[in-house]
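FYI, it's all coordinate maths here, none of it is from the lab. No experiment lies behind these values; they were computed from the predicted model shown. Because the Cβ atoms are built from the backbone with ideal geometry, glycine has one as well, and the counts that use them run over all protein chains shown.
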Amino acid sequence: MRTTYGLGGLVRMEWIKVRSLRSTWWLLVMTWVAMLAGGLGVGLGYRSHTPVAPATQIANNALAGAVLGQLLFGALGVLMVGGEYSAGTMRSTVLAAPRRAAVLAAKATVCTCVTLPVALLGCLMAHAAAQLAITSSPVSRLSLLDGRVVRTVLATALYLTAVALIGLGLGAIIRHAAGAVGALFAGIVIPMIIAGMFGEAGIAVSRFVPMMMLANSIIVTAPVSGTLSAAAAVAVMTSYAVTGLTIGAVLLRRRDV
Amino acid sequence: MIEVNGLAKRYGTTLAVDRLSFTVQAGVVTGFLGPNGSGKSTTLRMVLGLDRPDAGTARIGGLPYAGLRWPLREVGALLEARAFHPGRSARAHLSALAASNRIPDSRVTQVLELVGLADAGNRRTGAYSLGMAARLGIAVALLGDPPVLLLDEPVNGLDPEGIRWLRELLGSLAAQGRTVFVSSHLIGEMLLIAQRLVVIRQGRLLADESVAQFASRAPSVEDAFLALTATATTYRGGQR
């Protein structure tokens, strides 16, 4: 028996909080719907496409639903902290566990454990739907166990999980659910637009912009030339998440609740 | 026992709490009295480690709040009247807090029964009336069966029957040897609940004595309170 409260109990607390809100389940189900619809739409679109699309082209686009999924996941992460400030429960939480960084660590743990499996399953469903949609069409199929497909599934699921964790960090920094969701969406969309205005120089920077990494490195079977590899893109996203959470933890410790 | 020593907190140019020192003993209900905006909530938040004091210390049972091993089992607190996620049930709210401090889930059922929310425990708190929310706040404070209780305006939202219930509950908790510290700006209510009073105005200590001593200051206790606190109070509103 431990003699003081610790991460295990805090993880259980955060898990009960997350699972007891309908918004959690709605966001997760909507993510699945987005992934499934994306895969299905891509498959159906290429059925009668001329010239006949190569198998990798289906796989390259099947995870398009992640573009919407990242916003839903980001919102989920934001709500795990920002929702506590909006509802006024953050004080109760910190009273239960005055070591505030441990609270954020527990939230990050639960956030990862909820989003990663959901994202993995969502990506598999998207590929399966795309493959199902091209049955008995001229397009050749690709096994879900093909190494390239598996890599897109892993990379996309990790990307989506990282976005949720970035949302969590932003929630802790901004302490306001709507504000943090706004900042997250702006952070995903605006750099993409700005990078587009600077031509060649923009391309160099856009390799590190989340949305561009998603489209050019992560959901595709092979990275677009001049962009990061899937592994490097996941590493960059992870570093964003770690940075956000670290700043969030420092501010959480320093500020009055 | 709660010991507050030289506590100070400034918000911008306003001194919310000004070198405040007092002690709250176990075994009696101690009232924390002061006009609105006198620094009661700020003081309680500093005692609970939520706000960082600019100076001074606050200890509960000899330890700062952050040093408590199982905070919810050592201190029960009620701060805001409705600090619950409207979409979450009372039971889930309590279960989550219980899990953090290894409090058995059977205790959740117990406190729900104790505050009269046994039948409403599975409903979302967004649908709760003011009185039900007040009772849930008290259930949260009692969750860890703590020897020390700090309640900020717990009477708010309770109906007359609820106020009597709370008064008897706090009296019996104090009789068990617990430390019970209850803030209010309602002098009449305070006299029925408390045996001792800590009175502040503009963040400064005015009195720390028994209710009887306090009452002997003027023809009526209300007169004593108003005489003591009679200076225009400037309202600051809530700050983070």
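Points worth noting:
- Rh (Kirkwood; distinct C-alpha pairs) - region B:9-97, Å: 15.2
- Taking 0.36 nm per residue of separation and subtracting the current Cα-Cα distance, fully stretching the chain between B:Ala230 and B:Ser129 would add 32.9 nm.
- The modelled label-to-label distance for the pair B:Ser216/B:Ala118, using points 7 Å beyond Cα in the direction of Cβ, is 4.6 nm.
- Within a straight-line Cα-Cα reach of under 20 Å, B:Lys9 can be paired with the following lysines, leaving aside sequence neighbours fewer than 8 residues apart in one chain: B:Lys40.
- When both bridge partners sit in region B:114-240, DSSP labels roughly 55% of those beta bridges antiparallel.
- Loop-located chymotrypsin sites (Phe, Trp or Tyr not before Pro) in region A:178-257 (DSSP state not H, G, I, E or B) with no more than 14 neighbouring Cβ atoms inside 10 Å: A:Phe198.
- Among B:Leu136, B:Leu68, B:Leu112, the residue with the largest mean-square fluctuation in a Gaussian network model of chain B, with springs joining Cα atoms closer than 10 Å, is B:Leu68.
- Most simply put, the protein assembly as shown has about 55% antiparallel DSSP beta bridges, counting only bridges with both residues inside it.
- Here the sum of -39500 (n - 2.57) over DSSP H runs of 4 or more residues, divided by the residues of the protein assembly as shown, equals -18000 deg cm²/dmol at 222 nm, to the nearest 500.
- Here region B:1-50 is treated as a sphere whose radius is the Kirkwood value from Cα pairs; by Stokes-Einstein at 37 °C and 0.692 mPa s it diffuses with a coefficient of 281 µm²/s.
- Karplus-derived 3J(HN,Hα), 6.51/-1.76/1.60, for each residue of region B:30-47, Hz, glycine and proline x: 10, x, 10, 10, x, x, 4, x, 8, x, 4, 5, 4, 4, 4, 5, 6, 4
- With a Förster radius of 25 Å applied to the C-beta separation of A:Ala232 and A:Thr109, the computed FRET efficiency comes to 0.50.
- Whole-Å semi-axes of region B:117-169's equivalent ellipsoid (Cα gyration tensor): 18, 15, 10
- Based on Cα contacts under 8 Å between residues 6+ apart, chain A shows a relative contact order of 26 percent.
- For region A:55-109 and region B:199-213, distance of Cα centres in Å: 46
- Our coupling estimate for region B:171-178, obtained by passing each phi through the Karplus curve with A = 6.51, B = -1.76, C = 1.60 and θ = phi - 60°, is x, 6, 5, 5, 4, 7, x, 7 Hz, Gly and Pro reported as x.
- 22 Å tail of the calculated P(r), region A:1-79, as % of Cα pairs: 48
- Pair-distance profile P(r), taking every C-alpha pair of region A:103-257, with 10 angstrom steps and integer %: 11, 33, 32, 19, 5, 1, 0
- With Cα atoms as the point set, region B:164-204 shows a radius of gyration and Dmax of 11.1, 33 Å.
- Choice from A:Ile174, A:Ile188, A:Ile203 with maximal GNM fluctuation in chain A (Cα, 10 Å cutoff): A:Ile203
- Angstrom value of the Kirkwood radius, inverse mean 1/r, which spans all Cα pairs in chain B: 18.3
- Take each residue in B:63-70, count the other chain C-beta atoms within 10 Å of its C-beta, and the mean is 3.
- GNM top mover of B:Ala134, B:Ala212, B:Ala58 - chain B, alpha-carbon springs below 10 Å: B:Ala212
- For a modelled paramagnetic label at A:Arg253, 7 Å from Cα along Cα-to-Cβ, the residues of region A:94-128 in reach, with backbone nitrogen under 13 Å, are A:99-105.
- Gyration tensor analysis over the Cα atoms of the protein assembly as shown returns equivalent ellipsoid semi-axes of 55, 23, 17 Å (largest first, whole Å).
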